[in-house]
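Below is one structure, written out as structure tokens, with a few remarks after it.
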Amino acid sequence: MSPVMRNVLLLTSVMKRGYGVSVVAREVADRMGPAGWKMTIGCLESDEFYAGDDVFTLVPSSQTIFEFCQSNDIEVVVAQTSPYFEVLPALEMWIPTVVFEHGDPTPTMFEHDVSDREQLKVHKLKRVYPKVDEVLTSSFFLRNDIGWPDAKVVALGCDHVVDFGPKSFDGNSQSAAPLRIGTLMRLGAGEAFYKGLGEFLAIVDEFQNRPEFEFSIMGRGEETDRLWWEERGVRCLLNASDEERSTFLSELDVLISPSQWEGFNLPLVEAHASGTVGLAFDVGAHPETTPFLLSNLADATFLLEEWQRDRSKLHVASLRCYNYARKKFPWQATATELGAHLDQVVASANWGPWRRSPIMKVWRMVVGRYRIDGFMGISKAILARLRLLPSRVLRKFKKN
């Protein structure tokens, strides 16, 4: 006899190819069964790649989400992005809620919208986190960065990428083949500073006119972006599929992630899981996601030259990264930990006096049947439920 599955709703901004939050939602949802949960995904928009029976378009409205939960026997709601974060406080009285925070880059790292980004972070700290049953983050760095020390850490996974196994190198420590170095980065000016475009260009310039080093970049962008990079001697691959992305990572010798802020850094662990060494600066969550950290650009130059000269050292480093990621970041562990937190949230929330009281049960029934609009709407709904309004008034109320 199969165990009874409980239902959880995960809210995320998009379910589209090329977005890390979409990867998280899909990989976790596919593995929640062993933890006793069936996950449904709500989003603003999706594409054909992520379309499925468990993916729904949901307006970020407390009324819409509550009615969806009522219709689908949802026991707990998890949000992992805005604008759904901001809806959770309005659901506080009806259903347990959880924030799964993947973080926001420091607002000053952007040329535009600095004030809006800062206000969003402050709003979550003051108006969202205190109003939910649990706050989860995908790294210890994020727990400190969001200013919520009680948050629980649930690391993400990497085994969605093809497992090509550890890389094999020829028996000679010397190699005539160029060292293939690449990065994954959203192209264009919007995120250039925080993604470390300048740092990557500085590394490229350091090895300019040295044929023993080859550079490439992959990311979402326009044809103008491709031309811009190729003018600088960097091979550029635009808007790749997941299969092309996985092949790109596996064929590199070294991935450099020059980002100046990351709440987890999924591409970095994806590279490791593909058998490729990943380098990143000692910022953000990078100490939690790679064994090879850079203090400065000189560190990058030293390691690349060392690995180009002696491929046996590159072999050792590649094997270390592969084992590190495959053992430390399985998606099933993410789903299992999330399921355990949901168990605790539902257990404690169900015993909460205000959620268990008869008054709150009546309140839920009222909200589930009538559109509520302020105190007068609530009063009319309660009176209607108790049959204290004339039928003609009730019909008019329900019509409106």
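Can you send over the carbon and sulfur percentage of the accessible area for the stretch 116-223, probe radius 1.4 Å, protein chains only?
For the stretch 116-223, the apolar C and S fraction of the accessible surface comes to 49 percent.
Give me the dipole magnitude in Debye, nearest 20, for the stretch 73-150 about the Cα centre, with unit charges on the beta carbon: positive for Lys and Arg, negative for Asp and Glu.
220
Could you list the chymotrypsin sites (Phe, Trp or Tyr not before Pro) in the stretch 257-359 that lie in coil according to DSSP, counting only those with at most 15 other Cβ atoms within 10 Å of their Cβ? All intermediate terms of the calculation are to be shown ahead of the outcome.
Details: sites: TRP261, PHE264, PHE281, PHE292, PHE302, TRP307, TYR322, TYR324, TRP331, TRP351, TRP354; in loops: TRP261, PHE264, PHE292, TRP351.
Qualifying residues, ordered by number: TRP351.
Here is the link list: LYS16/LYS126; LYS152/LYS327; LYS126/LYS328; LYS38/LYS195; LYS131/LYS327. Which ones come out longer than 27 Å on Cα distance?
Checking Cα-Cα distances, LYS16/LYS126; LYS126/LYS328; LYS38/LYS195; LYS131/LYS327 exceed 27 Å.
State the percentage of accessible surface on the stretch 225-346 attributable to carbon and sulfur atoms; use a 1.4 Å probe and exclude ligands, DNA and RNA.
Result for the stretch 225-346: 52 percent of the exposed heavy-atom area is carbon or sulfur.
Where the centroid of each part is defined by its Cα atoms, how far is the stretch 286-339 from the stretch 39-94 in Å?
Value for the Cα centre distance between the two parts: 36 Å.
Around VAL269, under 11 Å between beta carbons, what's the net of Lys plus Arg minus Asp minus Glu among the other residues?
Residues near VAL269 contribute -2 overall.
Within the stretch 201-278, list the GluC sites (Glu not before Pro) lying in a DSSP loop whose Cβ has at most 16 other Cβ atoms in a 10 Å radius.
GLU212, GLU222, GLU231
Name the residues whose placed amide hydrogens come within less than 5 Å of the amide hydrogen of LEU179, ignoring near sequence neighbours (fewer than 5 apart) on the same chain.
PHE213, GLU214
So how strong a dipole does the stretch 131-230 carry about its Cα centre when Lys and Arg Cβ are +1 and Asp and Glu Cβ are -1, to the nearest 20 debye?
Here the stretch 131-230 has a charge dipole of around 160 debye.
Report in % the part of the accessible area of the stretch 11-61 that belongs to carbon and sulfur, leaving out ligands and nucleic acids; probe 1.4 Å.
50
Which net charge results when you count Lys and Arg as +1 and Asp and Glu as -1 among the other residues whose beta-carbon is under 15 Å from that of PRO291?
Its environment carries a net charge of +2.
Placing unit charges on C-beta atoms (Lys and Arg positive, Asp and Glu negative, everything else neutral), compute the dipole magnitude of the stretch 1-125 about its Cα centre in debye, rounded to 20.
My answer is approximately 300 debye.
What accessible area per residue comes out for the stretch 141-246, rounded to a whole number of Å², with a 1.4 Å probe? Before the final figure, lay out each step's value.
Numbers: 5690 Å² over 106 residues.
On a per-residue basis, 54 Å².
Taking a probe of 1.4 Å, how large is the accessible area per residue of the stretch 1-96, in Å²?
It amounts to 42 Å² per residue over the stretch 1-96.
The values are calculated or read from the model by the stated rules, or taken from the named source; none is laboratory data. Fair warning: this is a prediction, and the values are worked out from it, not measured in the lab. Neighbour counts are summed over all protein chains in view; Cβ atoms, including those assigned to glycine, are modelled from backbone coordinates with ideal geometry. In case anyone asks, the SASA skips ligands and DNA or RNA and just uses the protein heavy atoms, side chains included. Shrake-Rupley method; radii C 1.70, N 1.55, O 1.52, S 1.80 Å.
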